[in-house]
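K.L.:
Structure provided below as C-alpha coordinates; questions to follow.
The values are calculated or read from the model by the stated rules, or taken from the named source; none is laboratory data. All of these numbers come straight from a predicted model, not from anything done at the bench. When we count neighbours, we look across all protein chains shown, and the Cβ atoms used for this are built from the backbone with ideal geometry, even at glycine. Each accessible area value is taken on the protein alone, full model and side chains, heavy atoms only, with ligands, DNA and RNA left out. Shrake-Rupley method; radii C 1.70, N 1.55, O 1.52, S 1.80 Å.
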Amino acid sequence: MPNKLSTLTHLECSHCRKIWPHTVLQNLCPQCAKPLLARYDLKAAARTFSREALADRPYSMWRYAEVLPPDEPVTLGEGLTPMLLAPRLGKKLGLDRLYVKDEGLNPTGSFKARGLSAAVTRAKALGAKILATPTAGNAGGALAAYAAKAGIPAVIVMPADTPRANVQECLAFGADVRKLDGLISDCGRYVAEHREEEQWFEVSTLKEPYRIEGKKTMGYELWEQFASKLPDVVIYPTGGGVGLIGMCKAFNEMEQMGWIGSERPRMVSVQAAGCAPIVAAYEKGSPNSEFWPNAATLASGLRVPKALGDFIILEDVRTTHGTALTATDEEMFAAGKELAAAEGIFAAPEGAATVVAAQKLAQKGWIKSSETVVLFNTGTGYKYSEAWEAALRPTKTAS
Ligand SMILES: *Cc1c(COP(=O)(O)O)cnc(C)c1O
(Lines give C-alpha, C1' and ligand atoms only; values in the text may rest on other atoms or scores of the structure.)
Protein backbone atom coordinates (compact mmCIF):
# COMPACT_ATOMS: atom_id res chain seq x y z
CA MET A 1 0.00 0.00 0.00
CA PRO A 2 1.29 3.47 -0.82
CA ASN A 3 1.91 5.86 2.04
CA LYS A 4 -1.22 7.98 1.65
CA LEU A 5 -0.40 10.14 4.66
CA SER A 6 2.73 11.56 3.01
CA THR A 7 2.66 15.33 2.43
CA LEU A 8 5.75 15.44 0.21
CA THR A 9 5.49 18.39 -2.21
CA HIS A 10 8.88 19.11 -3.79
CA LEU A 11 12.65 19.12 -3.46
CA GLU A 12 14.63 22.22 -2.57
CA CYS A 13 18.35 22.88 -2.96
CA SER A 14 20.12 23.21 0.39
CA HIS A 15 22.36 25.89 -1.10
CA CYS A 16 20.74 27.91 -3.91
CA ARG A 17 17.18 27.18 -2.67
CA LYS A 18 15.93 26.45 -6.16
CA ILE A 19 12.90 24.13 -6.28
CA TRP A 20 12.86 20.82 -8.18
CA PRO A 21 10.15 18.22 -8.79
CA HIS A 22 10.03 15.21 -6.46
CA THR A 23 8.28 13.11 -9.12
CA VAL A 24 11.43 12.13 -11.04
CA LEU A 25 14.72 10.57 -9.93
CA GLN A 26 17.06 13.34 -8.73
CA ASN A 27 20.60 13.45 -7.44
CA LEU A 28 22.32 16.77 -6.66
CA CYS A 29 20.84 20.15 -7.51
CA PRO A 30 21.08 20.33 -11.32
CA GLN A 31 21.98 24.01 -10.97
CA CYS A 32 24.64 24.15 -8.25
CA ALA A 33 25.46 20.49 -7.49
CA LYS A 34 24.61 20.73 -3.79
CA PRO A 35 22.33 18.34 -1.85
CA LEU A 36 18.57 18.51 -2.41
CA LEU A 37 16.19 18.38 0.55
CA ALA A 38 12.65 16.96 0.56
CA ARG A 39 9.93 19.44 1.50
CA TYR A 40 6.43 18.74 2.79
CA ASP A 41 3.16 20.54 3.30
CA LEU A 42 3.67 20.67 7.05
CA LYS A 43 0.38 22.46 7.66
CA ALA A 44 -1.41 19.50 6.12
CA ALA A 45 0.90 17.10 7.97
CA ALA A 46 0.04 18.68 11.31
CA ARG A 47 -3.63 17.82 10.79
CA THR A 48 -3.04 14.06 11.01
CA PHE A 49 0.38 13.86 12.67
CA SER A 50 0.25 13.98 16.45
CA ARG A 51 1.50 12.16 19.49
CA GLU A 52 -1.91 10.47 19.85
CA ALA A 53 -1.97 9.33 16.21
CA LEU A 54 1.40 7.63 16.65
CA ALA A 55 -0.10 5.11 19.04
CA ASP A 56 -1.70 3.20 16.14
CA ARG A 57 1.21 3.42 13.75
CA PRO A 58 3.63 0.69 12.56
CA TYR A 59 6.48 -0.18 14.90
CA SER A 60 9.17 1.23 12.61
CA MET A 61 10.37 4.61 11.33
CA TRP A 62 7.48 4.51 8.84
CA ARG A 63 5.19 5.58 11.68
CA TYR A 64 6.27 9.15 10.82
CA ALA A 65 4.38 8.70 7.56
CA GLU A 66 3.44 12.34 6.91
CA VAL A 67 7.09 13.37 6.58
CA LEU A 68 8.33 10.43 4.50
CA PRO A 69 7.95 9.52 0.80
CA PRO A 70 4.45 8.68 -0.50
CA ASP A 71 5.26 5.16 -1.67
CA GLU A 72 4.79 1.66 -0.38
CA PRO A 73 7.70 1.30 2.05
CA VAL A 74 10.54 -1.10 1.31
CA THR A 75 10.96 -2.01 4.94
CA LEU A 76 12.78 -4.51 7.14
CA GLY A 77 11.51 -3.02 10.40
CA GLU A 78 14.09 -0.21 10.70
CA GLY A 79 13.94 2.47 13.36
CA LEU A 80 12.29 2.85 16.75
CA THR A 81 15.48 1.61 18.35
CA PRO A 82 15.85 1.52 22.15
CA MET A 83 16.74 4.63 24.15
CA LEU A 84 18.68 3.07 26.98
CA LEU A 85 19.46 4.84 30.24
CA ALA A 86 23.15 4.24 30.96
CA PRO A 87 23.45 4.87 34.71
CA ARG A 88 26.63 2.93 35.40
CA LEU A 89 28.55 4.58 32.58
CA GLY A 90 26.93 7.88 33.50
CA LYS A 91 28.24 7.62 37.03
CA LYS A 92 31.77 7.08 35.74
CA LEU A 93 31.49 10.15 33.52
CA GLY A 94 29.72 12.28 36.13
CA LEU A 95 26.51 12.47 34.09
CA ASP A 96 23.21 11.77 35.87
CA ARG A 97 21.03 11.44 32.77
CA LEU A 98 23.09 9.67 30.16
CA TYR A 99 21.32 7.68 27.44
CA VAL A 100 22.45 5.52 24.56
CA LYS A 101 20.29 5.39 21.47
CA ASP A 102 21.21 1.95 20.22
CA GLU A 103 21.12 2.07 16.44
CA GLY A 104 23.05 -1.19 16.30
CA LEU A 105 19.69 -2.95 16.59
CA ASN A 106 18.58 -1.85 13.14
CA PRO A 107 18.40 -4.32 10.22
CA THR A 108 21.98 -4.90 8.95
CA GLY A 109 23.29 -3.65 12.30
CA SER A 110 23.55 0.07 11.69
CA PHE A 111 21.46 3.20 11.31
CA LYS A 112 22.26 3.17 7.58
CA ALA A 113 19.13 1.00 7.37
CA ARG A 114 16.95 4.07 7.93
CA GLY A 115 18.39 6.06 5.07
CA LEU A 116 18.48 3.19 2.62
CA SER A 117 14.93 2.10 3.44
CA ALA A 118 13.71 5.57 2.46
CA ALA A 119 16.01 5.90 -0.57
CA VAL A 120 15.23 2.47 -2.01
CA THR A 121 11.51 3.03 -1.41
CA ARG A 122 11.53 6.22 -3.45
CA ALA A 123 13.93 4.97 -6.13
CA LYS A 124 11.78 1.89 -6.68
CA ALA A 125 8.62 3.99 -6.98
CA LEU A 126 10.31 6.27 -9.52
CA GLY A 127 11.50 3.34 -11.62
CA ALA A 128 15.23 3.05 -10.91
CA LYS A 129 16.66 -0.05 -12.63
CA ILE A 130 20.01 -0.55 -10.88
CA LEU A 131 21.09 1.08 -7.61
CA ALA A 132 24.71 1.91 -6.86
CA THR A 133 26.64 3.44 -3.99
CA PRO A 134 30.19 3.96 -2.82
CA THR A 135 30.49 2.92 0.82
CA ALA A 136 32.82 2.76 3.76
CA GLY A 137 30.93 -0.39 4.74
CA ASN A 138 27.56 -0.15 6.44
CA ALA A 139 25.76 1.84 3.74
CA GLY A 140 26.70 -0.88 1.26
CA GLY A 141 25.29 -3.61 3.47
CA ALA A 142 22.08 -1.68 3.99
CA LEU A 143 21.67 -0.85 0.29
CA ALA A 144 22.27 -4.49 -0.63
CA ALA A 145 19.62 -5.63 1.85
CA TYR A 146 16.93 -3.14 0.83
CA ALA A 147 17.65 -3.62 -2.86
CA ALA A 148 17.20 -7.37 -2.31
CA LYS A 149 13.91 -6.71 -0.53
CA ALA A 150 12.83 -4.43 -3.39
CA GLY A 151 13.95 -6.86 -6.08
CA ILE A 152 16.32 -4.33 -7.68
CA PRO A 153 19.98 -5.11 -8.51
CA ALA A 154 22.61 -3.23 -6.48
CA VAL A 155 26.24 -2.34 -7.16
CA ILE A 156 28.39 -1.70 -4.07
CA VAL A 157 31.79 -0.06 -4.46
CA MET A 158 33.97 -0.26 -1.35
CA PRO A 159 37.59 0.13 -0.26
CA ALA A 160 39.45 -3.21 -0.30
CA ASP A 161 40.05 -2.93 3.47
CA THR A 162 36.37 -2.55 4.40
CA PRO A 163 35.43 -4.71 7.46
CA ARG A 164 34.84 -8.33 6.40
CA ALA A 165 31.26 -8.44 7.66
CA ASN A 166 30.29 -5.69 5.20
CA VAL A 167 31.70 -7.59 2.25
CA GLN A 168 30.02 -10.80 3.35
CA GLU A 169 26.58 -9.29 3.84
CA CYS A 170 26.69 -7.55 0.44
CA LEU A 171 27.60 -10.81 -1.28
CA ALA A 172 24.93 -12.71 0.64
CA PHE A 173 22.31 -10.15 -0.37
CA GLY A 174 23.28 -10.80 -3.97
CA ALA A 175 24.88 -7.45 -4.74
CA ASP A 176 27.59 -6.80 -7.34
CA VAL A 177 30.54 -5.97 -5.05
CA ARG A 178 33.48 -4.03 -6.47
CA LYS A 179 36.53 -3.50 -4.26
CA LEU A 180 38.98 -0.67 -4.90
CA ASP A 181 42.36 0.18 -3.43
CA GLY A 182 41.55 3.56 -1.96
CA LEU A 183 39.11 5.48 0.21
CA ILE A 184 35.38 6.10 -0.02
CA SER A 185 36.17 9.24 -2.02
CA ASP A 186 37.86 7.07 -4.67
CA CYS A 187 34.86 4.74 -4.65
CA GLY A 188 32.63 7.78 -5.13
CA ARG A 189 34.62 8.80 -8.17
CA TYR A 190 34.30 5.28 -9.58
CA VAL A 191 30.52 5.32 -9.23
CA ALA A 192 30.28 8.80 -10.78
CA GLU A 193 32.41 7.68 -13.73
CA HIS A 194 30.48 4.47 -14.40
CA ARG A 195 26.89 5.34 -13.59
CA GLU A 196 25.88 6.69 -16.99
CA GLU A 197 27.32 3.86 -19.01
CA GLU A 198 26.01 1.17 -16.65
CA GLN A 199 22.66 2.93 -16.07
CA TRP A 200 22.94 3.11 -12.31
CA PHE A 201 20.90 5.36 -10.08
CA GLU A 202 23.33 6.61 -7.49
CA VAL A 203 22.22 6.54 -3.85
CA SER A 204 25.41 7.98 -2.33
CA THR A 205 25.13 9.94 0.91
CA LEU A 206 23.51 13.33 0.21
CA LYS A 207 23.71 12.83 -3.55
CA GLU A 208 20.29 11.28 -3.17
CA PRO A 209 17.60 13.27 -1.34
CA TYR A 210 15.80 10.56 0.66
CA ARG A 211 18.57 8.97 2.69
CA ILE A 212 18.44 12.05 4.85
CA GLU A 213 14.67 11.58 5.19
CA GLY A 214 15.21 8.13 6.63
CA LYS A 215 17.89 9.32 9.01
CA LYS A 216 15.91 12.31 10.20
CA THR A 217 13.47 9.89 11.85
CA MET A 218 16.06 9.65 14.64
CA GLY A 219 15.08 13.23 15.49
CA TYR A 220 11.40 12.32 15.64
CA GLU A 221 12.26 9.37 17.86
CA LEU A 222 14.14 11.59 20.30
CA TRP A 223 10.95 13.62 20.67
CA GLU A 224 8.74 10.57 20.97
CA GLN A 225 11.00 8.72 23.40
CA PHE A 226 11.54 11.73 25.67
CA ALA A 227 7.78 12.33 26.00
CA SER A 228 7.55 15.33 23.65
CA LYS A 229 10.77 16.96 24.84
CA LEU A 230 14.25 17.00 23.37
CA PRO A 231 17.45 16.16 25.24
CA ASP A 232 19.99 18.91 26.13
CA VAL A 233 22.91 17.38 24.25
CA VAL A 234 23.15 14.93 21.34
CA ILE A 235 26.54 13.41 20.55
CA TYR A 236 26.84 12.10 17.01
CA PRO A 237 29.78 10.33 15.31
CA THR A 238 30.13 12.22 12.05
CA GLY A 239 31.27 10.89 8.71
CA GLY A 240 29.08 12.32 5.96
CA GLY A 241 26.96 13.93 8.67
CA VAL A 242 23.64 12.76 7.27
CA GLY A 243 22.22 11.80 10.64
CA LEU A 244 23.12 15.12 12.22
CA ILE A 245 21.74 17.10 9.31
CA GLY A 246 18.67 14.87 9.28
CA MET A 247 17.92 15.30 12.98
CA CYS A 248 18.23 19.08 12.70
CA LYS A 249 15.88 18.97 9.70
CA ALA A 250 13.41 16.96 11.81
CA PHE A 251 13.61 19.55 14.62
CA ASN A 252 12.83 22.34 12.13
CA GLU A 253 9.87 20.38 10.78
CA MET A 254 8.60 19.75 14.30
CA GLU A 255 8.85 23.45 15.10
CA GLN A 256 6.86 24.29 11.96
CA MET A 257 4.20 21.80 13.00
CA GLY A 258 4.04 23.43 16.42
CA TRP A 259 5.39 20.41 18.31
CA ILE A 260 8.38 22.26 19.79
CA GLY A 261 9.59 25.84 20.10
CA SER A 262 12.93 27.21 18.99
CA GLU A 263 14.87 25.16 21.56
CA ARG A 264 17.34 22.63 20.18
CA PRO A 265 19.68 20.03 21.65
CA ARG A 266 23.32 21.14 21.44
CA MET A 267 24.56 18.99 18.56
CA VAL A 268 28.05 17.58 19.10
CA SER A 269 30.00 16.20 16.18
CA VAL A 270 32.71 13.70 17.10
CA GLN A 271 35.20 12.53 14.49
CA ALA A 272 38.20 10.23 14.43
CA ALA A 273 41.54 11.94 15.11
CA GLY A 274 42.77 10.30 11.89
CA CYS A 275 40.04 11.92 9.80
CA ALA A 276 38.60 15.11 11.28
CA PRO A 277 37.78 17.61 8.53
CA ILE A 278 34.66 18.92 10.29
CA VAL A 279 36.46 19.42 13.60
CA ALA A 280 39.29 21.26 11.83
CA ALA A 281 36.82 23.55 10.05
CA TYR A 282 34.85 24.11 13.26
CA GLU A 283 37.98 25.12 15.13
CA LYS A 284 39.04 27.48 12.36
CA GLY A 285 35.61 29.07 12.20
CA SER A 286 35.34 28.12 8.55
CA PRO A 287 31.95 27.50 6.87
CA ASN A 288 33.36 24.60 4.76
CA SER A 289 35.75 21.75 5.41
CA GLU A 290 38.89 20.86 3.50
CA PHE A 291 39.74 17.44 2.10
CA TRP A 292 41.53 15.46 4.85
CA PRO A 293 44.60 13.78 3.33
CA ASN A 294 45.57 10.20 4.29
CA ALA A 295 42.39 9.58 6.27
CA ALA A 296 42.95 6.67 8.65
CA THR A 297 40.72 5.16 11.33
CA LEU A 298 39.28 1.75 12.15
CA ALA A 299 35.93 3.48 12.61
CA SER A 300 35.22 2.98 8.92
CA GLY A 301 32.01 5.05 8.98
CA LEU A 302 34.04 8.08 10.04
CA ARG A 303 36.60 7.72 7.26
CA VAL A 304 35.06 10.43 5.10
CA PRO A 305 37.78 12.92 4.08
CA LYS A 306 35.36 15.48 2.66
CA ALA A 307 31.62 15.50 3.30
CA LEU A 308 29.34 16.87 0.61
CA GLY A 309 27.13 18.44 3.27
CA ASP A 310 29.99 19.86 5.33
CA PHE A 311 28.55 23.39 5.22
CA ILE A 312 25.23 22.15 6.61
CA ILE A 313 26.87 20.12 9.39
CA LEU A 314 28.95 23.12 10.45
CA GLU A 315 25.96 25.42 10.39
CA ASP A 316 23.87 22.99 12.45
CA VAL A 317 26.61 22.51 15.03
CA ARG A 318 27.04 26.27 15.36
CA THR A 319 23.40 27.34 15.42
CA THR A 320 22.55 24.74 18.07
CA HIS A 321 25.53 25.94 20.19
CA GLY A 322 27.11 22.53 19.87
CA THR A 323 30.74 21.71 19.36
CA ALA A 324 33.08 19.38 17.47
CA LEU A 325 35.93 17.26 18.80
CA THR A 326 38.00 14.18 18.04
CA ALA A 327 38.66 10.75 19.53
CA THR A 328 41.63 8.56 18.69
CA ASP A 329 41.07 4.93 17.72
CA GLU A 330 42.74 3.86 20.95
CA GLU A 331 40.34 6.03 22.96
CA MET A 332 37.38 4.64 21.01
CA PHE A 333 38.13 1.00 21.74
CA ALA A 334 38.93 1.70 25.40
CA ALA A 335 35.65 3.61 25.75
CA GLY A 336 33.80 0.92 23.80
CA LYS A 337 35.03 -1.66 26.31
CA GLU A 338 33.84 0.52 29.16
CA LEU A 339 30.44 0.96 27.54
CA ALA A 340 30.10 -2.77 26.93
CA ALA A 341 31.17 -3.77 30.43
CA ALA A 342 29.11 -1.09 32.17
CA GLU A 343 25.92 -1.25 30.12
CA GLY A 344 25.84 -4.44 28.05
CA ILE A 345 26.03 -2.58 24.75
CA PHE A 346 28.61 -3.83 22.24
CA ALA A 347 29.19 -0.78 20.08
CA ALA A 348 30.80 0.00 16.78
CA PRO A 349 33.94 2.12 17.24
CA GLU A 350 31.95 5.06 15.81
CA GLY A 351 29.43 4.69 18.63
CA ALA A 352 32.23 4.33 21.15
CA ALA A 353 33.62 7.67 19.94
CA THR A 354 30.57 9.36 21.44
CA VAL A 355 31.53 7.97 24.87
CA VAL A 356 34.98 9.55 24.47
CA ALA A 357 33.37 12.86 23.54
CA ALA A 358 30.98 12.74 26.51
CA GLN A 359 33.88 12.03 28.82
CA LYS A 360 35.93 14.96 27.51
CA LEU A 361 33.01 17.40 27.50
CA ALA A 362 31.86 16.42 30.99
CA GLN A 363 35.40 16.81 32.30
CA LYS A 364 35.62 20.31 30.81
CA GLY A 365 32.29 21.25 32.33
CA TRP A 366 30.82 21.82 28.86
CA ILE A 367 28.12 19.31 29.81
CA LYS A 368 26.64 19.68 33.28
CA SER A 369 25.93 16.60 35.35
CA SER A 370 22.18 17.27 35.43
CA GLU A 371 21.80 17.59 31.65
CA THR A 372 20.13 14.94 29.52
CA VAL A 373 22.69 13.55 27.10
CA VAL A 374 22.10 11.12 24.24
CA LEU A 375 24.97 9.17 22.71
CA PHE A 376 24.27 7.68 19.29
CA ASN A 377 25.66 4.19 18.99
CA THR A 378 25.32 4.15 15.23
CA GLY A 379 26.24 0.51 14.67
CA THR A 380 26.81 -2.83 16.31
CA GLY A 381 30.25 -3.97 17.39
CA TYR A 382 29.56 -7.38 15.85
CA LYS A 383 30.32 -6.02 12.38
CA TYR A 384 33.86 -4.95 13.37
CA SER A 385 35.26 -8.30 14.43
CA GLU A 386 38.77 -7.75 13.02
CA ALA A 387 39.16 -4.41 14.78
CA TRP A 388 37.63 -5.61 18.03
CA GLU A 389 39.75 -8.75 18.01
CA ALA A 390 42.90 -6.65 17.80
CA ALA A 391 41.66 -4.26 20.49
CA LEU A 392 40.73 -7.05 22.91
CA ARG A 393 43.97 -9.02 22.47
CA PRO A 394 45.86 -9.30 25.77
CA THR A 395 48.58 -6.64 25.97
CA LYS A 396 52.06 -7.63 24.89
CA THR A 397 53.49 -7.32 28.41
CA ALA A 398 51.30 -10.24 29.49
CA SER A 399 53.16 -12.75 27.30
C1 LIG B 1 27.99 5.81 8.22
C2 LIG B 1 28.28 5.66 9.65
C3 LIG B 1 28.54 6.78 10.46
C4 LIG B 1 28.56 8.17 9.92
O5 LIG B 1 27.28 8.57 9.56
P6 LIG B 1 26.97 9.93 8.82
O7 LIG B 1 25.54 10.18 9.06
O8 LIG B 1 27.29 9.75 7.38
O9 LIG B 1 27.84 10.95 9.44
C10 LIG B 1 28.72 6.56 11.81
N11 LIG B 1 28.69 5.33 12.35
C12 LIG B 1 28.47 4.23 11.61
C13 LIG B 1 28.46 2.90 12.27
C14 LIG B 1 28.24 4.36 10.23
O15 LIG B 1 28.00 3.27 9.51
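K.L.:
Of all alpha-carbon pairs in segment 257-318, indicate the percentage at a distance above 16 angstrom.
P.N.:
47 percent
K.L.:
How large is the direction-averaged shadow of the alpha-carbon convex hull of segment 350-396, in nm²?
P.N.:
4.5 nm²
K.L.:
I need the fraction of alpha carbon pairs in segment 68-215 separated by more than 24 Å, rounded to a whole percent.
P.N.:
Taking all Cα-Cα pairs of segment 68-215, the fraction more than 24 Å apart is 33 percent.
K.L.:
Can you tell me which of 4-10, 65-71, 369-375 comes out highest on packing, and rank the rest after it, using the mean Cβ neighbours within 10 Å?
P.N.:
65-71, 369-375, 4-10
K.L.:
Which translational diffusion coefficient, to the nearest whole µm²/s, is obtained for segment 1-141 from the Stokes-Einstein equation, given a Kirkwood hydrodynamic radius over C-alpha pairs, 25 °C and 0.890 mPa s?
P.N.:
Reported coefficient: 142 µm²/s.
K.L.:
Next up: Please list the radius of gyration and Dmax for segment 52-91, considering alpha-carbon atoms only, with Å as the unit.
P.N.:
Radius of gyration, then largest Cα-Cα span, for segment 52-91: 14.3, 45 Å.
K.L.:
How much of the DSSP beta bridge set in the chain is antiparallel, as a percent to the nearest 5?
P.N.:
Of those bridges, close to 30 percent are antiparallel.
K.L.:
Per the helix-only calculation at 222 nm, which mean residue ellipticity applies to the chain, given -39500 (n - 2.57) for every DSSP H run of n ≥ 4 and division by its residues, nearest 500 deg cm²/dmol?
P.N.:
-12000 deg cm²/dmol
K.L.:
Taking the radius of gyration and the Kirkwood hydrodynamic radius from Cα positions alone, what is the Rg/Rh ratio for the chain, to two decimal places?
P.N.:
Dividing the radius of gyration by the Kirkwood radius yields 0.94.
K.L.:
Then there is this: Percent of alpha carbon pairs in segment 38-105 separated by more than 19 Å?
P.N.:
For segment 38-105, the fraction of Cα-Cα distances above 19 Å is 53 percent.
K.L.:
Compare the peptides 17-28, 94-105, 168-179 by average per-residue count of other Cβ atoms within 10 angstrom and give them in order, highest first.
P.N.:
Packing order, densest peptide first, comes out as 94-105, 168-179, 17-28.
K.L.:
For segment 86-171, report the translational diffusion coefficient in µm²/s to the nearest whole number, using Stokes-Einstein at 37 °C, 0.692 mPa s, and a Kirkwood Rh over Cα pairs.
P.N.:
229 µm²/s
K.L.:
Continuing with the same structure: For the chain, with a Gaussian network of springs between Cα atoms less than 10 Å apart, report the residue from F251, F291, F346 with the top mean-square fluctuation.
P.N.:
F291
K.L.:
In the neighborhood of V191, defined by Cβ-to-Cβ distances under 11 Å, what is the net charge if each Lys or Arg adds +1 and each Asp or Glu adds -1?
P.N.:
With Lys, Arg at +1 and Asp, Glu at -1, the neighbours total -1.
K.L.:
Take the chain, connect every pair of alpha-carbon atoms lying under 10 Å apart with a spring to form a Gaussian network, then pick out the residue of A273, A33, A358 with the largest mean-square fluctuation.
P.N.:
Comparing A273, A33, A358 in the GNM, the peak value goes to A33.
K.L.:
Assuming 1.306 mPa s and 10 °C, estimate D for segment 292-399 with Stokes-Einstein, Rh taken as the Kirkwood radius over Cα pairs, in µm²/s.
P.N.:
103 µm²/s
K.L.:
Beyond 24 Å between alpha-carbons counts as too far, so tell me which of K216/K337; K92/K368; K215/K337 fall in that bin.
P.N.:
Where the Cα-Cα span goes over 24 Å, the pairs concerned are K216/K337; K215/K337.
K.L.:
Over the chain, what is the relative contact order in percent, taking alpha-carbon pairs closer than 8 angstrom and at least six residues apart?
P.N.:
Once normalised by length, the contact order is 17 percent.
K.L.:
May I ask for log10 I(q)/I(0) of segment 153-212 at q = 0.27 Å⁻¹, from a Debye sum over the Cα atoms as equal point scatterers with solvent left out?
P.N.:
-1.27
K.L.:
Based on Cα positions only, what radius of gyration and what Dmax would you give for segment 170-312, in angstroms?
P.N.:
17.2, 50
K.L.:
How much accessible area does V268 have with a 1.4 Å probe, in Å² rounded to the nearest 10?
P.N.:
Surface open to solvent at V268 totals about 0 Å².
K.L.:
Give me the Kirkwood hydrodynamic radius of segment 209-256, using the inverse of the mean 1/r over all pairs of distinct Cα atoms, in Å to one decimal.
P.N.:
After inverting the pairwise mean of 1/r, the radius is 10.8 Å.
K.L.:
For R303, R318, what's the largest-to-smallest order of accessible area, 1.4 Å probe?
P.N.:
R318, R303
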